[in-house]
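Each remark here refers to the structure printed beneath this line.
The values are calculated or read from the model by the stated rules, or taken from the named source; none is laboratory data. Since this is a predicted model, take the numbers as computed values, not measurements. In this analysis, Cβ positions are derived from the backbone assuming ideal geometry, glycine residues included, and neighbour counts consider all displayed protein chains.
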Amino acid sequence: MTKKRPLATVNRREFTKLTGAGVLGAVMSPSLSSLAQAAGKVNPADVIKGKSSQMIIHNAKLGVMETPLKLLRNHDITPKNLMFVRNHFPPAGKQAWMATTDAPHMDNWTVEVAGLVVRPRSITLGELKKMTQVKRTSVMQCAGNGRSYYAVKRKAPGGQWRHGGLANVEWEGVPLKDVLKKLDVGPAASVRYLTANGIDESPAHRGADLIKSYLLEDAALDHAILAWKLNGEPIPAVHGGPLRLIIPGYYGNMNVKFLNRLSFETEQSPSPFQSKAYRFPNMPVEPGKFSIRDYNHGNSTPTYAFKLMSVIFAPLAEDTVKAGHVDIRGVAWNDGTAPITSVTVSTDGGKTWMPAAIKRSASPFAWHHWSVKAKLGKGKHELLVVATDAIGRTQPINGNARWNPKGYEWNGADHVTVTVV
Ligand SMILES: Nc1nc2c(c(=O)[nH]1)N[C@H]1C(S)=C(S)[C@@H](COP(=O)(O)O)O[C@H]1N2
Ligand SMILES: [Mo]
């Protein structure tokens, strides 16, 4: 596990409260950002050059930040200045890379493909660029997205993410299958897992390294790519450049950044990032009765595929809503293995529901927009949304039914209370 580090946690709302600057929604002016620094607070754009100064910082030292929905909702494809960031430790000697959304250009970047194989080999980014390129528009979402909502039951440790550990972006690169076929390393018969590793590891704790293993028979690997482009440009290092493993439909942690090693293994990685962190219990668990120390490969599963989820983008609690016919809209997504067939919305706290129209995106792994018009009178209204997919998967009204020690895979119905004027 990683050692506890001092956190610089301030979000826009707290900042506004602190400085009395009632300018929510406006871009932070230089004078405000220096004010923030004077108050010991941090401007996200100073942590990572090119990021919006309205990002919500969870850990300034590591550049961990979330996107306010007020900004996320303005784009179908999330631009890089608004994309959330989750890093665990800076790649040694590469801290400067991580302080900007400018991308490193490195055609000699090398990935080794090894492990229990007859012919260990490697391939450079330059060589990958000469192969057939494909695009994957897909949701990137932290497994801890929505963690803060578990606090209603019992606060789960870790960054208290709201719904903004979420993005919808276009990745481009070479299918993993094509790379493995081309290299033809000859895995041993006992091999069951593919393991991915990036150049980063904890400088403080030996062995703390974000390493991920996937069953080779996992169909999700059929869509996986070694990506070097994000939204049509080389991937910034903060988002995993020069090369990143992208597995569409899989939680963020499964998408290994700064990829430099793929290995064929008999067992999954012994890294605590595979065996203790980023796991979800196979049975309901209660706070105080189950902790991550209890996790083993039999009673829990790595946070692989996205749980079906939907969020309300508008109206948000901070929006001014006028009485009359109100547009309610948002997005829904899942792991891409079955189409989302219904999105229903309630404006009375769940007593009655109405169907929303779904505008399906071309990629099954992207988020899909939904909308509905509802007549709302003056006063408070509690909005809720629930999606369902073609194989009957849906969302719990109360996400706390799925409480777990690290607060992963929140997929409870989104609630927004709006005051109509
Ligand atoms: N090598 C490496 N890959 C990583 C991480 C990391 O710390 N190191 N963090 C993971 C986690 S937990 C998430 S949520 C995503 C975040 O991707 P982003 O920062 O591009 O949004 O990257 C994943 N891949
Ligand atoms: Mo994550």
- If you go through the stretch 185-196 one residue at a time, do you hit one that is modelled with pLDDT of 95 or more, in contact with a strand residue (DSSP E or B) (Cβ under 8 Å, 6 or more places away or on another chain) and within 16 Å of ligand 2 (Cβ to nearest atom)? yes
So the strands (runs of 3 or more DSSP E) completely within the stretch 214-293 holding 1 or more residues that are closer than 23 Å to TRP410 by Cβ, touching a residue at least 40 places away in the same chain (Cβ under 8 Å) and aromatic (Phe, Trp, Tyr) are 279-281
Practice item. Using the structure shown, decide if PHE264 is of a type outside the set (S, T, N, Q) and under 21 Å from MET140 (Cα atoms). Key: no
Every listed condition ((1) among the aliphatic types (A, V, I, L, M); (2) within 23 Å of LEU216 (Cα to Cα); (3) touching an Asp or Glu at 6+ places or on another chain (Cβ under 7 Å)) holds for MET140 save (3)
Inside the stretch 134-148, the number of residues satisfying the requirement of being away from ligand 2 (no atom under 16 Å from the Cβ) and in contact (Cβ under 8 Å) with a residue 60 or more places away in the chain is 3
If we keep only residues of the stretch 227-277 that are more than 16 Å from ligand 2 (Cβ to nearest atom), among the polar types (S, T, N, Q) and in contact with a helix residue (DSSP H, G or I) (Cβ under 8 Å, 6 or more places away or on another chain), then the residue modelled with the highest pLDDT is ASN231
Among residues of the stretch 223-242 being under 16 Å from VAL134 (Cβ atoms) and within 11 Å of ligand 1 (Cβ to nearest atom), the residue surrounded by the most Cβ atoms within 10 Å (Cβ to Cβ) is ALA227
If we take the stretch 46-121, then strands (runs of 3 or more DSSP E) inside it with 2 or more residues that are within 16 Å of ligand 2 (Cβ to nearest atom) are 56-59, 64-66
